[in-house]
1. Name the residue that is nearest to the ligand (Cβ to nearest atom), counting only residues in segment 251-273 that are basic (Lys, Arg) and more than 21 Å from the chain's Cα centre (by Cα).
2. Being away from the ligand (no atom under 16 Å from the Cβ), farther than 16 Å from residue 229 by Cβ, assigned by TED's automatic domain parsing to the domain that holds residue 54 and under 23 Å from the mean Cα position of the chain (by Cα), is that true of even one residue in segment 283-294?
3. List the residue pairs whose Cβ atoms are under 6 Å apart, where the first residue sits in segment 162-173 and is of a type in the set (S, T, N, Q), the second is buried (at least 23 other Cβ atoms within 10 Å of the Cβ) and part of a helix (DSSP H, G or I), and the two are 6 or more positions apart or on different chains.
4. Restricting attention to segment 24-41, does a residue exist that is crowded, with 20+ Cβ neighbours inside 10 Å and within 16 Å of the ligand (Cβ to nearest atom)?
5. Tell me the residue from 192, 280 that is more than 22 Å from residue 11 (Cα to Cα) and without any contact (Cβ under 8 Å) to a residue 60 or more places away in the chain, please.
6. Give me the pairs: first residue in segment 25-47 and on the phi > 0 side of the Ramachandran plot, second residue part of a loop (DSSP other than H, G, I, E, B), beta-carbon distance under 9 Å, and six or more apart or on different chains, which are they?
7. Looking at (1) within 16 Å of the ligand (Cβ to nearest atom); (2) in contact with a Phe, Trp or Tyr (Cβ under 7 Å, 6 or more places away or on another chain); (3) not in a helix (DSSP H, G or I), can you tell me which one residue 49 breaks?
Amino acid sequence: GSHILSVNQFDLDSIHTIFSVAERMTPYALREKRTRVLDGAILGNLFFEPSTRTRVSFGCAFNLLGGRVAETVGMAASSLSKGESLYDTARVLSTYSDVIAMRHPDAYSVREFAEGSRVPVINGGDGPNEHPTQALLDLFTIQKELGHAGRGIDGMHIAMVGDLKFGRTVHSLSRMLCLYKNVSFTLISPKELAMPDYVIADIENAGHKVTITDQLEGNLDQADILYLTRIQEERFPSQEEANKYRGKFRLNRSIYTQHCKSNTVIMHPLPRDSRAQANELDNDLNSHPNLAIFRQADNGLLIRMALFALTLGVDEQLEQYECPVNW
Ligand code: CP
């Protein structure tokens, strides 16, 4: 069991292993089968920044494998707010847990925490830097969604839209896509919120084609995957500053129908900002079959179950510890 801190630690082989274990998690996630393979194990679920999907799916993934969860929610509930270091926090909490999932508002904070931890640490998002488990579930989703139509990741075209500067999910996903061949990227953002140069350099070094623009319409017609993001207002110095960019790019049914291919898959890491001034992904697409956002979130549970099983070395014992399903 080692830490999961960055997508840079994955290669195609390790990704395929994670995806194949994730597929095997499906009956347990659907409650068709039950396993106690992690009976007696404890997850330290430490979220120092708001989260719905990542926090709850880490916790539920661990529960579904038979383990228990100890949680800290919010900085104010932790002695970090009294000046305690990440290192000391890690030393103490890692004696209580078998594995730790953590989110924190500062870049590289999870790495710093991992240095003090005696158990594996999984990065659930470190500020604007990375969100590796999201990238895995995004890639897993892309593979499944395109696979239905006999398409694949090699040779695909992805359009990423919105706050590409502070959106950590697009940083992690872009680097993960560097493991594949001939991916075309269209990066659509306000100039001030462009993809960081070091991520663009990685994409170009992988031999991928990159188009950078600040216009949505007219730049979507090639996309197999349309990956939308929210303006990450919590990373801006003020609400007013974030408001300059909210609502700049909006996808709704009419824009989708007019500007995208009929099989373009719509993704978003969520949360989408549904307030009127933002609304980057309109509810009028909710029933559209190409809207993959909730399948994407569902895949997150499978991926996180797989990561726990692999990190704790129990992926071969799921069946051995099966028990009756009863409520
Ligand atoms: N996608 C994602 O990380 O969602 P949460 O912030 O709700 O965890």
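The values are calculated or read from the model by the stated rules, or taken from the named source; none is laboratory data. None of the values given here were measured: they were computed from a predicted structure. Neighbour counts run over all protein chains shown; Cβ positions are idealised from the backbone, glycine included.
1. So, considering only residues that are basic (Lys, Arg) and more than 21 Å from the chain's Cα centre (by Cα), the one nearest to the ligand (Cβ to nearest atom) is 253.
2. no
3. 169/134; 172/7; 172/132; 172/135
4. Among the residues of segment 24-41, not one is crowded, with 20+ Cβ neighbours inside 10 Å and within 16 Å of the ligand (Cβ to nearest atom), which makes the answer no.
5. So the residue among 192, 280 that is more than 22 Å from residue 11 (Cα to Cα) and without any contact (Cβ under 8 Å) to a residue 60 or more places away in the chain is 192.
6. 31/325; 31/327; 40/66; 40/67; 40/98
7. Only one criterion is unmet by residue 49, namely (2).
Residue-wise test of (1) among the basic types (Lys, Arg); (2) within 16 Å of the ligand (Cβ to nearest atom).
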residue: 57; (1), (2): no, yes
residue: 72; (1), (2): no, yes
residue: 91; (1), (2): yes, no
residue: 118; (1), (2): yes, no
residue: 135; (1), (2): no, yes
residue: 142; (1), (2): no, yes
residue: 147; (1), (2): no, no
